[in-house]
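Inspection log for the structure reproduced underneath, given as structure tokens.
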Amino acid sequence: MKNIWLYISKEDLNVELEQLRDEGRDISKVLPEFKKLLKVKDELKYRKEFGELLDKTIKLPMKKDYKYFEPSDLAGIKKARPASGHKITGKLSTKVEFDRIYGAWLGRCAGCLLGKPVEGIRKAQFEKYLKSINNFPLKSYIKSVPKLLKKAKWFDRPSFINKVDHMVEDDDTNYTVAGMALMKVHGKDFKSADVANFWMNNIPILHTCTAERVAYRNFALEIDPPASAVYRNVYREWIGAQIRADFFGYVAEGDPEKAAEYAFRDASISHVKNGIYGEMWVAAMLAVAPYYDEPLKVIQAGLNQIPENCRLTEDIKEVISWYYECINYSEAINRIHKRWNENKKHHWVHTNSNAQIVAIGLLFSEMDFEKAVCRAVEAAFDTDCNGATVGSVMGMMLGAKKLPDKWVAPLHDTLETGIAGYNMVKISDMAKETIKISRRRAL
């Protein structure tokens with residue numbers, strides 16, 4: 001049996017080289033071996049050598065002139081973060097609390113559904129297709145027109161709006177439900193090992209991708225967290241953890257520090273450094289989102305929970321500086337595409353590139369849900385992830401009652417998932433369950 005989806009490939013080695021440079025590792029001693037193995041033709045014959053090379057890279061020393069300080073342990077992260085960002089003392093009424101939580105679930109589903117059928121499309125292709133269906137700038141869910149999709153050289157996927165009547169399964173929503181199911185069983189004191197065991201008992205391995213799939217493989221090899229995030233994991237700073245943040249923000253309403261801590265326990269089973277920070281940042285933003293009406297304040301509250309001198313903080317602050325420059329949305333996205341190469345997987349699926357797009361979607365939204373999710377998706381890169389995260393934050397800020405019917409009605413209050421026991425659920429029921437778990441947390 002050839003489990004190719006678990007093999008280490010030459011493409012993975014190229015990703016590892018980029019990752020090592022990002023992390024500030026001294027690669028001089030292993031570079032000749034990389035060059036040699038990247039030339040081989042039969043990758044399957046060199047699986048052993050590929051793995052052994054990855055075992056060497058994780059032990060490489062840091063360059064002495066590396067300017068960032070990026071711990072992967074919670075104590076280290078707490079010491080490295082800004083000395084601000086405390087619990088919000090105000091309390092939402094029962095009606096408002098439900099409205100905001102339900103809005104966040106709906107917003108996440110709507111943003112994800114908007115971006116799902118075009119995940120992986122490149123910006124030029126995307127614009128060409130949107131123009132051909134009179135939906136550019138993006139302003140509504142995307143329809144499938146097979147002839148025009150063929151011209152745009154894209155795939156006619158089953159998740160286009162004219163093919164669905166609910167929120168179809170996606171990893172961006174699977175993990176939100178997984179977080180809920182996990183805390184329903186283990187409560188506020190869940191541990192990273194509980195997350196790993198939950199995945200193995202409730203999520204099929206082929207429903208996971210990149211860092212999550214590697215971590216899953218490592219669990220099966222009896223490699224416990226946090227080592228499971230490191231062993232032969234070239235995707236350790238990709239976006240996977242960031243998309244798992246939302247429930248931990250929902251359930252820690254008003255307490256960004258606790259939300260970030262929950263997110264850390266989850267992220268550290270599969271990610272390190274900025275991969276972890278992405279999940280902590282999003283969870284903290286969601287925890288404060290019901291209390292602010294300015295996206296900038298929400299973004300800054302999230303940054304208060306991650307290291308001050310890390311690449312993610314620097315990258316988000318760069319977007320904030322663009323906002324202060326008063327440039328328009330198009331210019332902001334042009335700058336993203338100059339900075340990151342969408343044709344490189346390491347850029348297309350990285351935490352930082354997509355976090356910058358999330359920040360743009362929020363800052364350039366004018367507190368308009370439609371503008372927020374459309375601008376997050378129109379940017380290309382990881383469209384469903386960014387649409388989902390921006391939709392979730394905006395839904396939490398605005399509440400369900402203020403979300404436009406054109407965006408929530410097609411969902412029919414129904415979510416399909418790949419999580420055991422939650423195959424087809426009511427989104428409103430997920431919001432109600434979230435509040436029950438949140439109140440148990442407060443006891």
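Based on the alpha-carbon set only, what is the convex hull volume of segment 39-85 divided per residue, in Å³? Spell out each step's value before the answer.
Numbers: hull volume 7.4 nm³, N = 47.
In segment 39-85, the Cα convex hull volume per residue is 158 Å³.
Per-atom-type breakdown for segment 1-121 gives carbon and sulfur 54% of the accessible area (1.4 Å probe, protein chains only). Given Val298, Trp348, Ile327, which one lies farthest toward the positive end of the charge dipole of segment 267-349, if we put +1 on the Cβ of every Lys and Arg and -1 on the Cβ of every Asp and Glu? Value computed over the given set: Trp348. For the chain, the Cα-based Rg and Dmax, in that order, read 20.8, 63 Å. Based on the convex hull around the alpha carbon atoms, segment 233-378 presents an average projected area of 8.0 nm². Along each principal axis, taking the top coordinate minus the bottom one, the Cα set of segment 43-194 gives 60, 53, 34 Å in descending order. For segment 207-253 versus segment 1-39, the spacing of their alpha-carbon centroids is 20 Å.
So what is the accessible area of the chain per residue, in Å², with the probe set to 1.4 Å? Mind showing how you got there, number by number?
Values: 18440 Å² over 443 residues.
Per-residue value: 42 Å².
Calculated from the alpha-carbon coordinates, segment 150-280 shows an Rg and a Dmax of 15.7, 52 Å respectively.
So what's the projected area for segment 312-432, the Cα convex hull averaged over all directions, in nm²? Let's see the in-between values first.
Details: hull surface 34.9 nm².
With the hull built on Cα positions only, its mean projection is 8.7 nm².
The Cβ shell under 13 Å around Asp429 holds other residues with a net charge of +2, Lys and Arg each +1, Asp and Glu each -1. At q = 0.12, 0.17, 0.20, 0.25 Å⁻¹, what log₁₀ I(q)/I(0) does segment 143-206 have when each alpha carbon counts as one equal point scatterer in the Debye sum? Evaluating at q = 0.12, 0.17, 0.20, 0.25 Å⁻¹ gives log10 I(q)/I(0) of -0.50, -0.70, -0.81, -1.04.
In summary, the lysines within cross-link reach of Lys153, defined as a Cα separation below 18 angstrom excluding same-chain residues under 8 places away, comprise Lys116, Lys123, Lys128, Lys131, Lys143. Residues whose amide H falls under 5 Å from that of Arg81, counting only those 5 or more places apart or on a different chain, are Glu308, with hydrogens built in the peptide plane.
For Thr414, nonlocal amide neighbours, meaning residues 5 or more places apart or on other chains whose placed amide H falls under 5 Å from its own, are Met167, Ile427.
The trypsin sites (Lys or Arg not before Pro) of segment 119-149 include none that meets both criteria, a DSSP state outside H, G, I, E and B (loop) and at most 10 other C-beta atoms within 10 angstrom of the site's C-beta. Its Cα centre serving as origin, the chain has a Cβ charge dipole (Lys and Arg +1, Asp and Glu -1) of approximately 760 debye.
From the alpha carbon gyration tensor of segment 307-352, can you work out the equivalent ellipsoid semi-axes (sqrt of 5 times each eigenvalue) and give them in Å, largest to smallest?
Ellipsoid half-lengths, sorted descending, are 19, 17, 6 Å.
When you filter the trypsin sites (Lys or Arg not before Pro) in segment 154-216 for DSSP loop state and at most 14 other Cβ atoms inside 10 Å of their Cβ, you are left with Lys191. Within the listed set Gln125, Gln305, Gln242, the residue fluctuating most in the Gaussian network model of the chain (springs between alpha-carbon atoms under 10 angstrom) is Gln125.
The values are calculated or read from the model by the stated rules, or taken from the named source; none is laboratory data. Every value quoted in this text rests on a predicted model; they were computed, and no experiment measured them. Note: ideal-geometry Cβ built from the backbone for every residue, glycine included; neighbour counts use all protein chains shown. The area values use the complete protein model at the heavy-atom level, side chains included, leaving out ligands, DNA and RNA. Shrake-Rupley method; radii C 1.70, N 1.55, O 1.52, S 1.80 Å.
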